[in-house]
1. The conditions are (1) of a type in the set (Val, Ile, Thr); (2) touching a residue at least 60 places away in the same chain (Cβ under 8 Å); (3) within 14 Å of chain A (Cβ to nearest Cβ), and B:VAL240 fails exactly one of them. Which is it?
2. Which one is most open to solvent (accessible area, probe 1.4 Å), of the residues in the stretch A:279-290 that are out of contact with any Ser or Thr (no Cβ under 6 Å at 6 or more places or on another chain) and assigned to a helix (DSSP H, G or I)?
3. Which residue out of B:ARG59, B:ARG27, B:ARG97 is open to solvent by 40 Å² or more (accessible area, probe 1.4 Å) and closer than 27 Å to B:LYS244 by Cβ?
4. State all residues of the stretch A:15-36 that are more than 9 Å from chain B (Cβ to nearest Cβ) and either among the aromatic types (Phe, Trp, Tyr) or within 22 Å of the chain's Cα centre (by Cα) (or both); if no residue qualifies, say none.
5. Considering only the stretch A:220-235, how many residues are under 25 Å from A:ALA133 (Cα atoms) and either charged (D, E, K, R) or buried (at least 17 other Cβ atoms within 10 Å of the Cβ) (or both)?
6. Looking at (1) touching a Lys or Arg at 6+ places or on another chain (Cβ under 9 Å); (2) closer than 19 Å to B:LYS245 by Cβ; (3) within 11 Å of chain A (Cβ to nearest Cβ), which is the only condition B:SER263 fails?
7. Here are B:LYS245, B:LYS217, B:LYS257: which of them is under 30 Å from B:SER96 (Cα atoms), open to solvent by 60 Å² or more (accessible area, probe 1.4 Å) and free of Cβ contacts under 8 Å to residues at least 24 places away in the same chain?
2 protein chains.
Amino acid sequence: MDKIYDLIIIGAGPAGLVASIYASRYRLDHLIFGAQQGGQMSEIADIENWPGDVIVVGRDLISRFVAHAESYGIKVKNESVILIKKADGFFEVETSRGKYQAKSLILAMGAEYRKMNIPGEKEYIGKGVSYCATCDAPFFRDKTVAVIGGGNSAAVVAIEMSDYAQKTYLINKGEKMNAEPIWLEKIHSSPNIEIIKNTGVIEIRGNEKVEKIILDKEYDSRGEIAVGGVFIEVGSEPGVQLAKKLGMETDDGNYIKVNSDMSTSVSGVFAAGDITTGSNKFRQILTAAAEGAIAANSAYKMLKLK
Amino acid sequence: MDKIYDLIIIGAGPAGLVASIYASRYRLDHLIFGAQQGGQMSEIADIENWPGDVIVVGRDLISRFVAHAESYGIKVKNESVILIKKADGFFEVETSRGKYQAKSLILAMGAEYRKMNIPGEKEYIGKGVSYCATCDAPFFRDKTVAVIGGGNSAAVVAIEMSDYAQKTYLINKGEKMNAEPIWLEKIHSSPNIEIIKNTGVIEIRGNEKVEKIILDKEYDSRGEIAVGGVFIEVGSEPGVQLAKKLGMETDDGNYIKVNSDMSTSVSGVFAAGDITTGSNKFRQILTAAAEGAIAANSAYKMLKLK
């Protein structure tokens with residue numbers, strides 16, 4: 001029989017890392033797996049709402065979280081989790097490198113970029129189509145790009161791109177952007193960002209690389225716009241496939257249903273961060289971190305105080 | 001008619017300050033009142049669980065929060081709120097200096113130290129009785145002190161005092177300390193901390209200053225212990241008097257009942273931090289901060305998106 005840990009945390013974004021910090025302080029013998037350290041957070045250029053840091057680069061903040069978690073002697077394991085299953089009185093977690101057992105789990109796999117599923121999207125990934133402006137912006141210096149989306153992340157990416165691209169079209173299916181006013185003000189004061197509203201993008205075309213996008217209605221008497229890059233920012237979806245196999249209850253949007261103590265419908269399994277219905281679905285680094293702390297506290301109470 | 005603000009935030013601890021950061025980003029025209037900047041947080045010596053800072057002094061972290069909130073042109077108003085009342089379509093907040101109106105409120109007054117209500121406690125405040133080790137520890141250098149309490153804060157204070165006092169008694173009414181294992185290990189490895197369990201303190205006696213405490217049963221064949229200082233760490237109580245006058249629903253412990261969006265039983269009033277039943281009642285700087293963010297988001301949605 002292999003060792004049975006107190007806890008396995010899956011995901012090394014803010015929720016998972018903070019769960020690990022708290023678990024270490026509770027002296028829970030635990031592992032944390034994160035194939036992508038920091039998750040989506042590591043791809044954010046400037047974070048302006050992490051309290052106490054007026055502005056901080058996503059990658060730097062996540063490095064501080066990792067250093068904090070690792071200050072307790074924990075090492076984030078860079079292994080992809082393939083399968084989670086319930087065994088007799090414990091859980092088994094299978095990764096790319098081995099199998100591990102634990103009495104409790106915290107699921108903190110976060111969310112993934114939502115795809116548009118339009119022709120050309122998949123074909124041109126890495127050839128002009130990107131889901132990560134922070135990663136790819138410099139490749140589009142002095143080009144014309146389109147940012148597709150109507151929310152906060154689309155707004156932020158348009159602002160980010162306006163520093164690189166000669167011209168940025170921000171294309172929103174709706175009438176109004178649903179973004180923080182502080183970002184909208186920046187967009188309106190950027191001469192090289194142009195908003196196209198009430199308009200959808202139905203296809204991405206090119207040859208070797210992206211050359212243009214096709215609109216669902218004419219804009220400025222044209223049904224297409226020549227662009228060298230397309231940034232797709234139409235939201236995210238929870239990375240919930242693993243949890244579904246455990247028989248976990250989710251809501252209509254596939255987010256794991258959690259109680260106020262971050263427990264799920266499966267006893268012994270807690271969840272935290274963007275993957276959950278918690279924090280009134282206000283998905284912030286800060287709320288993910290707080291959920292991680294609550295989940296670790298609840299796992300500790302379940303394991304040690306009963 | 002005076003100006004009606006979008007929002008007034010009452011309390012300038014982590015919950016209130018983070019609510020202000022988010023409110024500023026939402027461009028809500030708001031005020032924040034805090035008679036005691038930072039609240040209880042400013043009295044914590046070493047914070048080891050603010051993510052991204054392996055160790056940080058409470059006063060320094062709160063200064064960073066204040067600087068962040070004030071980076072948006074907001075100034076925390078050092079005024080005590082005396083009365084909150086509902087007027088016709090808005091709320092009126094009366095402070096030590098004036099009256100202010102707002103369409104919505106976020107209550108973030110935090111919690112206050114719980115009193116023991118034993119003879120001598122009140123009389124010797126500032127003469128040996130303290131609720132704030134971080135403030136007062138240096139006055140007890142080389143003395144014998146008692147720390148009363150069975151939770152995390154009592155454990156932390158005992159450790160803190162062991163650096164100053166010659167001898168620290170940690171007196172717990174229960175059998176077992178309910179503190180983080182990492183702190184209990186430090187206590188057990190400190191030669192000058194002595195735990196007295198299953199014992200209550202029923203009186204504090206002295207002349208000019210504290211001289212001894214009276215126990216509810218004999219310890220080491222003595223019914224009293226000579227001490228120069230008594231640190232009372234028996235928990236905290238929400239600062240809820242103002243809210244009660246608004247007719248707000250609270251739980252048995254007097255904490256304001258909040259929904260997942262931090263709304264309260266009074267429409268237009270949100271609450272965040274140690275004063276609420278939120279975050280599974282796991283009262284941390286991190287969870288208070290997250291609640292502040294959620295409350296500001298909810299106030300914004302109520303005011304601007306409807």
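The values are calculated or read from the model by the stated rules, or taken from the named source; none is laboratory data. On a predicted model such as this, the values are computed, not experimentally measured, just so you know. FYI the Cβ positions are ideal-geometry reconstructions off the backbone, even for glycines, and counts take in every protein chain you see. Accessible surface is based on the protein model in full, side chains and every heavy atom, while ligands, DNA and RNA are left aside. Shrake-Rupley method; radii C 1.70, N 1.55, O 1.52, S 1.80 Å.
1. All conditions are met except number (3).
2. Across the stretch A:279-290, the extreme among qualifying residues is A:LYS281.
3. Every option except B:ARG97 fails the conditions.
4. Answer for the stretch A:15-36, where residues must be more than 9 Å from chain B (Cβ to nearest Cβ) and either among the aromatic types (Phe, Trp, Tyr) or within 22 Å of the chain's Cα centre (by Cα) (or both): A:ALA15, A:GLY16, A:ALA19, A:SER20, A:LEU31, A:ILE32, A:PHE33, A:GLY34, A:ALA35, A:GLN36.
5. The qualifying residues number 10.
6. (1)
7. B:LYS257
Matching residues to (1) at negative phi; (2) surrounded by fewer than 14 Cβ atoms within 10 Å (Cβ to Cβ); (3) in contact with a Leu (Cβ under 9 Å, 6 or more places away or on another chain):
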site: B:PRO119; (1), (2), (3): yes, yes, no
site: B:LYS143; (1), (2), (3): yes, no, no
site: B:LEU170; (1), (2), (3): yes, no, no
site: B:GLU175; (1), (2), (3): yes, yes, no
site: B:ALA179; (1), (2), (3): yes, no, no
site: B:THR199; (1), (2), (3): yes, no, yes
site: B:ASN207; (1), (2), (3): yes, yes, no
